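Take a look at the structure below.
The values are calculated or read from the model by the stated rules, or taken from the named source; none is laboratory data. Here the structure is a predicted model, which means the values were calculated and not measured. Quick reminder, even Gly has a Cβ in these numbers, built from the backbone with ideal geometry, and neighbours come from all protein chains shown. Surface accessibility is based on the protein's heavy atoms, side chains included, excluding ligands, DNA and RNA. Shrake-Rupley method; radii C 1.70, N 1.55, O 1.52, S 1.80 Å.
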Amino acid sequence: MQAITNLSRFICSMILLLSATVTAESSRPLSAEASDPKVMGWMQGYPLADEKRIEQPDSNYFSFPKLRWSVCHLREFLPTREISRGVGNSIPLQYLPDMQFSKIRDQIDALTFTPLNSENAMTWEQSLYENYTDGMLVIHKGRVVYERYFGCLDERGQHAAMSMTKSVTGLIAEILIAKGVLNEDALVKTLVPEIGDSAFANATVREVMNMTTGVAFSENYADPNADIWRYSKAASPFPRTKEQTGPNGYWEYLQTVKPEGEHGALFHYKTINSDMLGWIISQVTQQSVTALASELLWRPMGAEQSAYQTVDARGVAFAGGGISAGLRDMGRLGLLVLNEGAVNARQVFPQQVVQSIKDGGDRTKFTNAFPTLSGASYKSQWWVFHNEHNAFAARGVHGQTIYVDPTAEMVLVRFASHPQAKNGYIDPTSLPAYHALAKFLLAYEYGGESE
């Protein structure tokens with residue numbers, strides 16, 4: 001039972017539903033430098049000391065500071081399915097020449113900005129430590145201009161993408177719509193008759209994609225009977241005991257969801273929409289979400305590593321938060337989106353896919369639950385900022401980001417392991433930093449051999 005409890009806590013963190021996250025053991029968490037897994041000595045040494053172990057079945061492996069190691073090692077805790085990169089060579093990312101790369105990295109590290117609700121300037125490099133960054137990659141005009149690794153991550157490693165997984169699921173759905181495979185106006189029950197009399201039955205595919213469904217899903221962590229706990233138990237990949245009852249797997253849980261409110265009325269961020277969308281796209285294609293991600297994204301974009309996605313006990317991938325991937329491959333994904341589906345002048349998917357996302361959702365339906373995202377909207381599982389650069393992003397707990405700025409021709413990817421799960425704690429530093437970098441790159445003159 002202890003393993004089930006810890007698994008539930010882990011899943012809750014992954015799906016970006018935390019209102020009060022796991023925190024440090026003291027009221028002031030260790031700094032990024034002090035909590036670095038190498039400094040902490042997690043899983044280091046032969047023989048390994050008990051106090052340095054992070055493992056199943058009874059470890060609280062997703063509590064801070066252990067999470068700073070765990071985010072790079074999820075496959076050691078949970079079963080996964082592969083998002084295959086296929087065979088053959090990857091498509092290389094283009095880098096600035098070494099001297100140019102070093103020069104611009106130093107300039108970016110020294111770049112200053114002012115965080116939200118603050119009068120004190122901060123440098124870009126300071127913000128990396130402030131936000132417990134594990135990896136940062138910046139692509140500008142098709143070339144990598146910045147790349148750094150910290151903590152548990154290096155260029156060979158993989159990191160939990162958390163709810164950036166939702167954006168992969170949403171991107172696949174948009175591709176299927178553009179190809180005429182999926183009808184965004186269809187009711188869920190016509191595509192997935194197994195949904196029965198669930199509240200999802202009479203929602204449209206588009207309402208599921210944009211999270212404007214009227215479905216009941218309680219996220220009160222103080223309430224042991226809240227829906228989130230039933231959902232987490234259903235998602236467990238571990239074998240069940242005879243005493244355990246309730247839905248087994250994501251899809252069985254979705255069949256039990258009750259109505260609350262009106263479909264299409266308001267945006268409410270509820271991860272069950274992402275898993276419903278995963279079921280929809282699997283049903284209409286008769287393929288798993290991992291197979292679709294491989295076929296439509298990882299293989300054509302020339303990924304250098306396969307990615308992996310956690311699964312429930314039925315082998316269904318967690319469409320709302322289960323991917324682990326390499327930093328550079330998430331950069332390739334961001335570049336594919338920035339270039340509206342093109343890779344090396346080859347159109348991988350129709351341009352209208354990205355245009356639909358960039359248009360954003362109905363801003364009048366965006367609730368005030370995200371004060372750092374005032375004026376934003378949500379479309380196809382992507383966050384659209386509607387700022388002066390028309391930026392939009394994939395986002396996940398503890399600081400995961402693919403930030404796409406079409407005006408600056410910039411893609412930024414960050415993996416992180418911030419002690420606080422909710423990005424509302426991180427945005428006051430991150431969002432001004434991203435925008436400052438975009439403006440810096442817009443004005444940057446490379447000159448010489450890098451042109």
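Select from the stretch 356-371 the residues that are open to solvent by 40 Å² or more (accessible area, probe 1.4 Å), farther than 22 Å from GLY261 by Cα and under 20 Å from the mean Cα position of the chain (by Cα) and list them in ascending order.
LYS358, PRO371
Of the conditions (1) open to solvent by 10 Å² or more (accessible area, probe 1.4 Å); (2) part of a loop (DSSP other than H, G, I, E, B), LEU296 fails just one. Which one is it?
Condition not satisfied by LEU296: (2).
Quick test of your reading of the structure: ARG395 fulfils all but one of (1) within 14 Å of the chain's Cα centre (by Cα); (2) basic (Lys, Arg); (3) within 21 Å of PRO300 (Cα to Cα). Name the failing condition by number.
(3)
Every residue, every condition in (1) open to solvent by less than 10 Å² (accessible area, probe 1.4 Å); (2) over 28 Å from GLY264 (Cβ atoms); (3) in contact (Cβ under 8 Å) with a residue 60 or more places away in the chain; (4) part of a helix (DSSP H, G or I), yes or no:
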site: ALA394; (1), (2), (3), (4): yes, no, yes, no
site: HIS398; (1), (2), (3), (4): yes, yes, yes, yes
site: PRO419; (1), (2), (3), (4): yes, yes, yes, no
site: THR429; (1), (2), (3), (4): no, yes, yes, yes
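Could you list, in sequence order, the residues of the stretch 202-259 that are charged (D, E, K, R), surrounded by fewer than 22 Cβ atoms within 10 Å (Cβ to Cβ) and closer than 30 Å to ASP362 by Cα?
Matches in the stretch 202-259: ARG206, GLU219, ASP227, LYS258.
Looking at THR271, is it farther than 19 Å from GLU82 by Cβ and open to solvent by 50 Å² or more (accessible area, probe 1.4 Å)?
The answer is no for THR271.
Output the residue which, of all residues in the stretch 83-112 that are small (Gly, Ala, Ser) and either open to solvent by 80 Å² or more (accessible area, probe 1.4 Å) or within 25 Å of the chain's Cα centre (by Cα) (or both), is farthest from THR169 (Cα to Cα).
Checked the stretch 83-112; the qualifying residue farthest from THR169 (Cα to Cα) is SER90.
Which members of the stretch 113-141 meet the condition of being over 15 Å from LEU431 (Cβ atoms), open to solvent by 30 Å² or more (accessible area, probe 1.4 Å) and not aliphatic (A, V, I, L, M)?
GLU119, ASN120, THR123, GLU125, GLN126, TYR129, LYS141
Residue by residue, here is whether (1) under 19 Å from GLY142 (Cβ atoms); (2) free of Cβ contacts under 8 Å to residues at least 24 places away in the same chain; (3) outside any strand (DSSP E or B); (4) of a type in the set (Asp, Glu) holds:
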{"position": "GLY331", "(1), (2), (3), (4)": "yes, no, yes, no"}
{"position": "GLY334", "(1), (2), (3), (4)": "yes, no, yes, no"}
{"position": "PHE349", "(1), (2), (3), (4)": "yes, no, yes, no"}
{"position": "VAL353", "(1), (2), (3), (4)": "no, no, yes, no"}
{"position": "LYS358", "(1), (2), (3), (4)": "yes, no, yes, no"}
{"position": "THR367", "(1), (2), (3), (4)": "no, no, yes, no"}
{"position": "TRP383", "(1), (2), (3), (4)": "no, yes, no, no"}
{"position": "ASN387", "(1), (2), (3), (4)": "no, no, yes, no"}
{"position": "LEU412", "(1), (2), (3), (4)": "yes, no, no, no"}
